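Okay, structure first, notes after.
No lab work stands behind these numbers, since they all come straight from the coordinates. Note that this is a predicted model, so its numbers are computed, not measured. All Cβ positions, even for glycine, are placed from backbone atoms using ideal geometry, and neighbour counts span all protein chains on display.
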Amino acid sequence: MDETRRNLIKGMLTSGTLLAFGIPTVSQAMSISQTLSDSTRNCQLLLGNTPIDEAFARGAQAACTSYINHHQSVLPAFKLEDELLTNPLRIVDLLTQSRNMRWIAVMDHASAAIFTELVRNLEGRLLSLGSHSSSGDDTSFPNRHIWTTAASMYSAGGLLASLLFENRQDFFIVENFLEQMMGESAIKSPLLAGFATYQRVAQPATRLHCAGVSPQEASRIIGWKASENWKSISFHADQSSAYQDKTASDAAIKHPQFDNWIEATGYAVVASALGMGINQQPCASCAFVHRSDQRNPDHRGLPGKHFVSFVIDV
Amino acid sequence: MTNKYIALPKGVSAENFDAAIRAFRKVLGDASVLTSAEQLAPYIKTMMPVPDADHTPSAALLATTVEQIQKIVAICNQYKVPVWMISTGKNLGYGSAAPAERGQVVLDLKRMNRILEVDKDLAFALVEPGVTYQQLYDYIKEHKLGLWLSMPAPSAIAGPVGNTLDRGVGYTPYGEHFLFACGMEVVLANGEILRTGMGSMPNSNTWQVFKWGYGPYLDGIFTQSNYGIVTKFGFWLMPEPPAFKPFVIQYQHEEDIVEIVETIRPLRISGVIPNAVVIAHALYEAPVKAKRSDYVSGPGSIPDEAVYRIMKDHKLGIWNVYAALYGTQEQIDVNWKIVTQAFGQSGKAKILTEQEAADDPAFAYRAKLMRGDMTLTEFSLYNWRGGGGSMWFAPVSQARGSETLKQMALTKQILAKYGLDYSGEFIVGMRDMHHIVDVLYDKTDPEQTKAAYQCFDELLTEFSARGYGTYRVNTAFMDKVAETYGPVQRNVHKTLKKALDPNGIIAPGKSGIR
């Protein structure tokens, strides 16, 4: 590595800006990350220098606090001082030097386009890629989350849905899973409180969780065919002892509430990356659609926020 | 229970695919055959308004040698498994690294990244497909070769082979990249290795200096095509000029595009301005300096009034003409006089040089591109609207002012119908212009995604109806564009395909060819 690049990385890692989020500096971070349990990879947060960093990091740290209660650890983080567009080599070096690490990254769409390419170049494993938006436009649903997720075990959608539901804001979450289901899978954990669950008649591995909205209307909102037929489904507790164990473990974690949807997203992404996701049903695609029963739901602070989250293993 | 593979090639059974994967593993080793969802996820993200599932690969193969590729095509022929080649896979806005059709196996050539030769005197390079511009840039600097690269906007992370094979462009005097290509090595579907031009002759040392060889010139059929797998690629490099003078000329009214083009064309054809000039609309440059949401909210395309406010706030013209002069200082001084006289005639142009505009971020990144330096700043475009949707609409125009105005007005009108903004630029060739428009939309908004698809479809339909052809397109619309060039060309493409790749194993669907 040449001297310039070494200096750039040094500058980045020793940045005082990390402390603004209660994030340890590199020397602290490395020592803390080494205390993570063997069963979980070392996790770190990468903040891509966007206006939502602070809120996302707060949620992320809250997830870590929940994790601490069970596993005695905290989440170290790096904040890029410069945009990824101006010097992608920084991030290449950072990821190259962090083998055997699970990174949770958050950034804007321009940086995300480049970051995805770097992850592929480095032969990283992409566990989930989420696109998160809000807007007060009359024509679009106010809060939108679309994930491509490698497998249901990395799903953050159920947890995020449960957190946002508490806020009474309108939102939808769509998760597309790359791992392909063989045949029909049964519901293996309790359904989310407040949501009615449906499966597509023509493709039972597609699930729809609706609150305050019919499955046909929910389909239309998320861009699926509104004319699809949906069948209501319910959970039977005796279906899977393995999942019952997981459910019992989930129930032991008391997830906090958030007023801010970006914090909630940070929490859900990091909690799921640490293995604390809920409602991780094996399926091909699933969606959660919530329409508030309030006449004039409060969508203040929603306009114009767009960001991307990654969970990757390198 | 889950399937072993996240997708299967069309018409290939799970058993046959399993056998093919075992055979690939014998050739490449287990670690170079990727089949898990986590490994393949980085190949899937596209920015197109269609489900990513339509472009999900079944596997990715990481080859390192020509011999491995010969064995891979043999396996593909045996099991009728299609492969989709990528070099560095940075075709952002055109489909990225994802295959044209669900289930195709990505043949990722990034590990074939040797710089085989760079000749300082004859100013050429011979490289493998995985070589990036950054790698070559560093090599040239390290060896003090005094040569310049021409690169597209993804610069550092993209590579010359993929970009040139897709007929991409850059911004230096060598900006029409395929014009400067010289000699390829191609693995054919039957496993034979073809070296084009002078490369077919044993012991020839003119492979990278004389393009044409003997008989029909073949290099062109391996660009934007699926007739072979290019494994070596020669191209010419520009000697570093003693002096370089970038400048920007700003105009305030959209109709001024007529004057701009009429002024530039003679300067470009005569070589006074030697590089691929860019005429960028304010909304193409604005994302470097501003956010859309600071000026407008709600549905619909951005109103002209807001565009004019952006121009005023951020010192942009509605048209921003980026060009440069190259050569000795004496040559530049003479040509600068010609340029300033030509643009000064009407009194509408505001001419800025590096002296006045060096601190302007839009000028800074454009100047970098015009001297072949690395910058990814152009991708600020993706933050303009946010939401991750992008498709490049790329019709070709005559370098004639009236034509340019027509194309701009038609594009803007169709985009506005669907509530989308005109983020466009013209890249000036000698006699043609690439009209490049980034159709940006929020992919998390289903209504806008649907509108973007319909809008792009209508753009292609309306432009082709007027005789405006598209030179390059994303994988979701390749068939549609192929149709616009008529049945005879499609049949010729198909006939060549049948002759060179009878089992259709190489990138079926590329440019609509199967």
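Some values worked out for this structure:
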| quantity | calculated |
| --- | --- |
| Residue order, fewest to most beta carbons within 10 Å, for B:Arg265, B:Arg111 | B:Arg111, B:Arg265 |
| Relative contact order computed over the range B:103-157 (Cα-Cα under 8 Å; 6+ residues apart), in percent | 29 |
| Label-point gap, in nm, between B:Glu142 and B:Ala499 - each point 7 angstrom along Cα→Cβ | 4.3 |
| 5 angstrom amide H check on A:Leu45, placed H, neighbours 5+ away | A:Ala77, A:Phe78, A:Ile104 |
| Test item: A:120-132 mean partner chain Cβ contacts at 10 Å | 6 |
| Separation in nanometres of the label points that stand 7 Å from Cα toward Cβ, at B:Ile351 and B:Tyr295 | 2.7 |
| Cross-link pairs B:Lys211/B:Lys494; B:Lys141/B:Lys368; B:Lys110/B:Lys368; B:Lys26/B:Lys232; B:Lys110/B:Lys443 - those with Cα-Cα distance over 18 Å | B:Lys211/B:Lys494; B:Lys110/B:Lys368; B:Lys26/B:Lys232; B:Lys110/B:Lys443 |
| Proxy reagent accessibility, fewest Cβ within 10 Å first, across B:Val307, B:Val278 | B:Val307, B:Val278 |
| Sorted by Cβ neighbour density within 10 Å, fewest at the top, the residues A:His255, B:His55 | A:His255, B:His55 |
| Peptide B:155-167, shielding by other chains (average Cβ, 10 Å cutoff) | 1 |
| Computed E for B:Gln331/A:Ile233 - FRET, C-beta separation, R0 60 angstrom, nearest 0.05 | 0.20 |
| Per-peptide average of other Cβ atoms within 10 Å, ordering A:153-159, A:90-96 highest first | A:153-159, A:90-96 |
| Using a Förster distance of 30 Å, the FRET efficiency for B:Asn16-B:Ser200 (Cβ separation, nearest 0.05) | 0.25 |
| Shielding by partners, peptide B:30-37 (average Cβ within 10 angstrom, other chains) | 3 |
| Karplus-derived 3J(HN,Hα), 6.51/-1.76/1.60, for each residue of the range B:316-328, Hz, glycine and proline x | 10, x, 5, 10, 10, 9, 9, 8, 8, 10, 9, x, 6 |
| Entries in B:Lys120/B:Lys337; B:Lys315/B:Lys348; B:Lys450/B:Lys498; B:Lys10/B:Lys412 that, when Cα-Cα distance is taken, lie over 27 Å | B:Lys120/B:Lys337; B:Lys450/B:Lys498; B:Lys10/B:Lys412 |
| The range B:115-239: relative contact order in percent, alpha carbon pairs under 8 Å with at least 6 residues between | 30 |
| Protection-proxy order for peptides B:363-375, B:20-32, each taking the mean of Cβ atoms within 10 Å per residue, highest first | B:363-375, B:20-32 |
| Value of [θ]222 nm, deg cm²/dmol, for the protein assembly as shown, DSSP H segments ≥ 4, -39500 (n - 2.57) each, nearest 500 | -10000 deg cm²/dmol |
| Over the range B:14-111, relative contact order from alpha-carbon pairs under 8 Å, at least 6 apart, % | 35 |
